[in-house]
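Novice: Can you keep this structure in mind? I'll have questions shortly.
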Number of protein chains: 2
Amino acid sequence: MMPIARANENYTSQYTAVAETLTAPQPRTAFQTQPSRYRHWKLAFPDEGKGAIATLTMAVQAQATERPGYELKLNSYDLAVDVELADAVQRLVFEHPEVRCVVLTGALDRVFCAGANIGMLATSTHAFKVNFCKFTNETRLSIEDASAAGGKRFLAALNGTASGGGYELALACDRILLVDDRSSAVSFPELPLLGVLPGTGGLTRVTDKRKVRRDRADVFATVAEGIKGKRAVDWGLVDAIAPLSKWKEEVGRHARELAASITPRAGKGVELTPLTCEREDDHWRYSHVEVVFERETRTARMTLRLPDASGPKDASAALAAGAAWWPFALLRELDDALLWLRLHEPEVGLVLARVEGDPSVVMEADAVLAARGNWFVAEVAHFVKRTLKRLENSAKSFYAVADGGTAFAGTFLELALACDRVYLLKDDDENVQLGVSQVHEGLYPMANGLTRLQTRFLAEPERVSRVLEHAPKALDAETADELGLATFAPDAIDWEDELRLAVEERASFSPDALTGMEQNVRTAGPETMETKIFGRLSAWQNWIFQRPNAVGEKGALKVYGTPLRPEFDFRRT
Amino acid sequence: MMPIARANENYTSQYTAVAETLTAPQPRTAFQTQPSRYRHWKLAFPDEGKGAIATLTMAVQAQATERPGYELKLNSYDLAVDVELADAVQRLVFEHPEVRCVVLTGALDRVFCAGANIGMLATSTHAFKVNFCKFTNETRLSIEDASAAGGKRFLAALNGTASGGGYELALACDRILLVDDRSSAVSFPELPLLGVLPGTGGLTRVTDKRKVRRDRADVFATVAEGIKGKRAVDWGLVDAIAPLSKWKEEVGRHARELAASITPRAGKGVELTPLTCEREDDHWRYSHVEVVFERETRTARMTLRLPDASGPKDASAALAAGAAWWPFALLRELDDALLWLRLHEPEVGLVLARVEGDPSVVMEADAVLAARGNWFVAEVAHFVKRTLKRLENSAKSFYAVADGGTAFAGTFLELALACDRVYLLKDDDENVQLGVSQVHEGLYPMANGLTRLQTRFLAEPERVSRVLEHAPKALDAETADELGLATFAPDAIDWEDELRLAVEERASFSPDALTGMEQNVRTAGPETMETKIFGRLSAWQNWIFQRPNAVGEKGALKVYGTPLRPEFDFRRT
């Protein structure tokens, strides 16, 4: 995130400090949108005849902010802008399988994107800043995931300076082309100008994705005006530069080159139909997902309901069903519910997840998913993977509650394994079912690169195959417990008390300590660029976001854009 | 860190809240000590005849605190206690090569160690807490390093409950034996009682070293009274239990078993003679190391001086020289200076490192080091490795300044590569020398498991061998720059201005943002248990240590031990 460097543009004059507006009730941002409602992005298909290339142009409307109190000048962004970007990426994946290269560029003169809006950051609560950074990181990762899934390549065509979050967006692309006009640069001005870090994975992507030498990364992160031209190429910050005179030509050439590296996908796209949800204060009702709030214990009871019939039996039928294919429809609702929980229900600390239905319904859908018979089914599996990661990356505790009538099977057993604990009712009189399917073998890898079973059984890897031997099959509670799938498996006599105490206990703990503990315990084993971004970079940013040097009355983030200079407590910690 | 759980012991009665004492001038803790001055540990050699086993018994003197304001009851510890532990581990390594197993145990009844003292934490500044946790983590890692170096195994003989930091200390050992007396447990009561995290690597060691299942780690971290007996073994929290009636016998058996797994080391130990340093306010003078402070730019100029002659030509001569062997003597001084800089010079943000002398002197010593001809030389190399990591883990910026008269060669080129930047004077008239030796091939791996050259050239691995081809040889500035060893290589005309501006610029930045940036940029590439501890777990703890839920007037850490209950802002972030 962040603005054009002071050195390049008179950014200060663009930004007017505003009074604290945090106490005013804020509109509840929704995460559902569609291209016809975009205010900040233009999605176009310039070579419509061939269909291989799409352009996604950033043209932020300064006044169309997520809340009052700031303006989005110079293609700076807030959550509303990023919600549209996230939507655009999903729609490109599902609705436009014919597109093989997406060109990300900017509509302003000499500016690609000035990063996250400073006025917005300076007037946001700590919790909002953290949630905002988390969401923008997930959006960048969804770009990389779309590329890794093999459907598209992304070209960042930097028509002007890309600062902070603007450059971080470019870093998420497969290739970065920067205009060589003697002024346009890539830059991370956060540290020198604002006393914070690039918060959307930038430092990690610079050192671990682009493998920029660490001393150069250090220099780059402290040079407000950024690096341009040949040096940007030499240091590995961009892949190529092109003069203004050849800009269009070069963008086209790189885009065609990237498109050519992708195997075309057959068939028409799948329209992402709108989700519907009835929302009352303490009750959200989607088609398959229901969330009921128990305010006293700061708990949400989330129930996922499987359909009665499994539906499409093969990939073609799934593609024909499109957004109505139930695993996709259900997971899209779950994803939306998670985002709402994060942003609009900060007081909720614990989610009790139940899955109701018949395991055989999941088994049949899982067989289709695991076979990845066409691009659509494969992309739905990636979507499920991202949603499970979204859950694991939420600052809430999750307990899977497997009691009478539940069916944590296959894809939904993965959901249970993504939870912090599994409570399993062991009672022969109750219909408690779990089930294992082919999806556990690697369809939904975690952020650490391992499967959930591998992560769970790090100490006893032989247990992984012991579970997989049962696939595809429903399991009774006794067997599931023996296989090590439950955290606690009380009988009917102890069940209610044990669960009630577990909920009350969780609700009593420091919410901060829980967030820190879960962030450390959920991803055991290897680290990846992705786990580093959330577990390491975000943690340091969260720390800095709390420090007076950033957010105190004279902190750098607070006084930026005012005539005041920051005053630091220079003691190093 | 942390106390016996409330459920086990009436800890509250042991702890008296004290008034804020932070404004009072504090004594400057020194890091040099010796067994005869230990107040908190007893080092004994019970099988003196055979010499294979040592016992290190924790017997904390409650009144002998690092500063006033709290008491160290129940074998709880503060920095003074950990300084002695760090010293004991180093002396066991160097002075007692005959010892093959170290038994860590406690002198109190039913208590092994109650962890870091809460009164100390509650009355410490944020910076001190962070520094304290960092040092205790390094001490635990030095235990693991001593084991990995092949010289000793460590047995945690938990004669009673090990809480928080007490259990974290056990986790650093090769084997954990817990007394089975129906009350003694291992526990992490930090989250439930204090609203913070185990701060000395505990969560990471539980999931990544002991590979405890993540849902069980979640439960363990929330159960104040801990886990005991058979369940502690089943969950992998300890390796074995033993009843009181067989305690001595079982401790002996495990210790002998561990000792038997170690190849005996020949010869006598090397006495760690005291370091000497003249300290004035703005000037520290060790024998080989000098530190001069420039308060205005919050900068320390640190000069390392090589001896005129290389000294011992082989491992036997090095062993005979012992603590006087100059690479060891010099690095011990550097290590001490780093600790003093961290703890006693918080305002200093930038260290300018110079190495003066003749590269050939280093080359000869490096040849001895790289050959690892006996246990002593090998352990000195490990010590150098730990000191370089200590530098990389310090919350200061480091610039290597290679100008006239300097010789960043071999081991000292590693020092330059450990710095954030290398400024290299490129001027034929000046005697600027660098040099490469065999040590770059893997003698001093970084915390990420790679060599410094591998980390530096992640994007261009062929550059590593291009550098190594020159070893062992001194390099002129021109060649060093071509090989990619310098960040900036100005000529004599630009040198002074460029360096001055770089220093002034660094001094002007937010110290917090610099710490966060350096923590992310310094360790590119793979993560290890060690990098996770400092980069991920510590970051979350630092964040929590700033939050009102922990350290506010009604925060859990503040009110623990008083009649008050914590009051939380329950919004999850």
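The values are calculated or read from the model by the stated rules, or taken from the named source; none is laboratory data. Everything numeric in this text was worked out from a predicted model, so none of it was measured. Positions of Cβ are backbone-derived with ideal geometry, glycine not excepted, and every protein chain shown enters the neighbour counts. Ligands, DNA and RNA are stripped out before the accessible areas are found, and what is left, the full protein with its side chains, is counted by its heavy atoms. Shrake-Rupley method; radii C 1.70, N 1.55, O 1.52, S 1.80 Å.
Novice: For region A:549-573, which residues drop by 20 square angstrom or more in accessible area between the chain on its own and all protein chains together (1.4 Å probe)?
Specialist: Residues of region A:549-573 that lose at least 20 Å² of accessible area once the other chains are added: A:Asn549, A:Phe568, A:Phe570, A:Arg571, A:Arg572, A:Thr573.
Novice: Applying the Karplus parametrisation 6.51 cos²θ - 1.76 cosθ + 1.60 with θ = phi - 60° to the phi angles of region B:227-237, what ³J(HN,Hα) value in whole Hz is obtained for each residue in order, glycine and proline being reported as x?
Specialist: 10, 9, x, 4, 4, 4, 6, 4, 7, x, 6
Novice: With a 1.4 Å probe and all protein chains left in place, how much of the accessible area of region A:162-213 comes from carbon and sulfur atoms, in whole percent? Working shown, then result.
Specialist: Values: 290 of 830 Å².
Carbon with sulfur: 35 percent of the solvent-accessible area.
Novice: Using r as the Cβ-Cβ distance of A:Arg295 and B:Thr562, and R0 as 35 Å, what FRET efficiency do you calculate, to the nearest 0.05? Don't jump to the answer; show the numbers that get you there.
Specialist: On the way: r = 29 Å, r/R0 = 0.83.
The value I calculate is 0.75.
Novice: At a Förster radius of 51 Å, what calculated FRET efficiency corresponds to the Cβ-Cβ distance of A:Asp494 and B:Arg37, to the nearest 0.05? Could you put the intermediate results ahead of the total?
Specialist: Numbers: r = 54 Å, r/R0 = 1.07.
It comes out at approximately 0.40.
Novice: Okay, moving on. With a 1.4 Å probe and every protein chain left in place, tell me how much accessible area B:Glu462 has, in Å² to the nearest 10.
Specialist: My reading of the accessible area for B:Glu462 is about 90 Å².
Novice: Excluding ligands, DNA and RNA, what is the accessible area buried between chains B and A, summed over both sides, using a 1.4 Å probe, to the nearest 100 Å²?
Specialist: Values: alone 23450 and 23460 Å², together 38620 Å².
The buried area between B and A, both sides summed, comes to about 8300 Å².
Novice: Rounded, prolate or oblate: which fits the protein assembly as shown, taking a ≥ b ≥ c as square roots of the Cα gyration tensor eigenvalues, rounded meaning a/c under 1.5, else prolate when a/b beats b/c? Kindly include the intermediate steps, with their values, before the conclusion.
Specialist: On the way: a/c = 1.68, a/b = 1.16, b/c = 1.45.
Judged from the Cα gyration tensor, the protein assembly as shown comes out oblate (a/c at least 1.5, b/c at or above a/b).
Novice: Only bridges whose two residues both fall in the protein assembly as shown count here: according to DSSP, what percent of them are antiparallel, nearest 5? Each step should come with its number before you reach the end.
Specialist: Numbers: 46 of 133 bridges.
Looking only at bridges with both residues in the protein assembly as shown, the antiparallel portion is about 35 percent.
Novice: Starting from a label point 7 Å past Cα on the Cβ side, list the distances from A:Pro563 to the same position in the other copies, nm, shortest first.
Specialist: 5.4
Novice: Turning to a different aspect of this structure: Can you list the HN-Hα couplings for region A:138-151, worked out from phi with the Karplus curve (6.51, -1.76, 1.60; θ = phi - 60°), rounded to whole Hz and with x for Gly and Pro?
Specialist: For region A:138-151, the Karplus curve yields 5, 5, 4, 5, 5, 5, 5, 5, 4, 5, 4, 6, x, x Hz.
Novice: OK, next. Compute the separation of the alpha-carbon centres of region B:360-392 and region B:496-573 and state it in Å as a whole number.
Specialist: Cα centroid of region B:360-392 versus Cα centroid of region B:496-573: 32 Å apart.
Novice: Please identify which residues in region B:66-80 have an amide N closer than 19 Å to a label point set 7 Å out from the Cα of B:His344, following the Cα→Cβ vector.
Specialist: B:66-68, B:79-80, by backbone N distance to the label point.
Novice: Under 5 Å between amide hydrogens, which residues at least 5 positions from B:Val212 or on another chain qualify, with H placed 1.01 Å from N in the peptide plane?
Specialist: B:Thr207
Novice: What's the angle, to the nearest 10 degrees (0 to 90), between helix A:375-392's Cα axis and the longest principal axis of chain A?
Specialist: Taking Cα atoms only, the helix is inclined about 90 degrees.
Novice: Per residue, how much accessible surface does the protein assembly as shown expose to a 1.4 Å probe? Answer in Å², no decimals.
Specialist: Numbers: 38620 Å² over 1146 residues.
Computed with neighbouring chains in place, this is 34 Å² per residue.
Novice: Once you keep just the Cα pairs under 8 angstrom separated by 6 or more residues, what percentage relative contact order results for region B:406-451? Don't skip to the answer; put the middle values down first.
Specialist: Numbers: 40 pairs, mean separation 21.1, N = 46.
That works out to 46 percent.
Novice: A:Lys50 to A:Glu469: FRET efficiency via 1/(1 + (r/R0)^6), r the Cβ-Cβ distance, R0 41 Å, to the nearest 0.05? Walk me through the numbers before you get to the answer.
Specialist: Details: r = 48 Å, r/R0 = 1.18.
It comes to 0.25.
Novice: Which value in nm describes the separation of the simple spin-label points at A:Asp429 and A:Ala323, placed 7 Å from the Cα toward the beta carbon?
Specialist: Between A:Asp429 and A:Ala323, the simple spin-label model gives 4.6 nm.
Novice: With all protein chains present, calculate the accessible area of A:Ile533 using a 1.4 Å probe and round the result to the nearest 10 Å².
Specialist: My reading of the accessible area for A:Ile533 is about 0 Å².
Novice: Counting only protein heavy atoms, probe 1.4 Å: which residues of region B:330-350 lose 50 Å² or more of accessible surface in the full assembly compared with their chain by itself?
Specialist: Flagged in region B:330-350: B:Pro346.
Novice: Output ³J(HN,Hα) for region B:514-525: one whole-Hz value per residue in order, computed from phi by the Karplus curve 6.51 cos²θ - 1.76 cosθ + 1.60 with θ = phi - 60°, and x for Gly and Pro.
Specialist: So the Karplus estimates, Gly and Pro as x, are 5, 4, x, 5, 4, 4, 8, 8, 5, 10, 6, x Hz.
Novice: Rounded, prolate or oblate: which fits region A:333-376, taking a ≥ b ≥ c as square roots of the Cα gyration tensor eigenvalues, rounded meaning a/c under 1.5, else prolate when a/b beats b/c? Before the final figure, lay out the partial values.
Specialist: Details: a/c = 4.76, a/b = 1.91, b/c = 2.50.
Oblate, since a/c reaches 1.5 and b/c is not below a/b.
Novice: Roughly what would the spin-label model give for B:Asp308 and A:Lys230, points 7 Å off Cα along C-beta, in nm?
Specialist: 4.8
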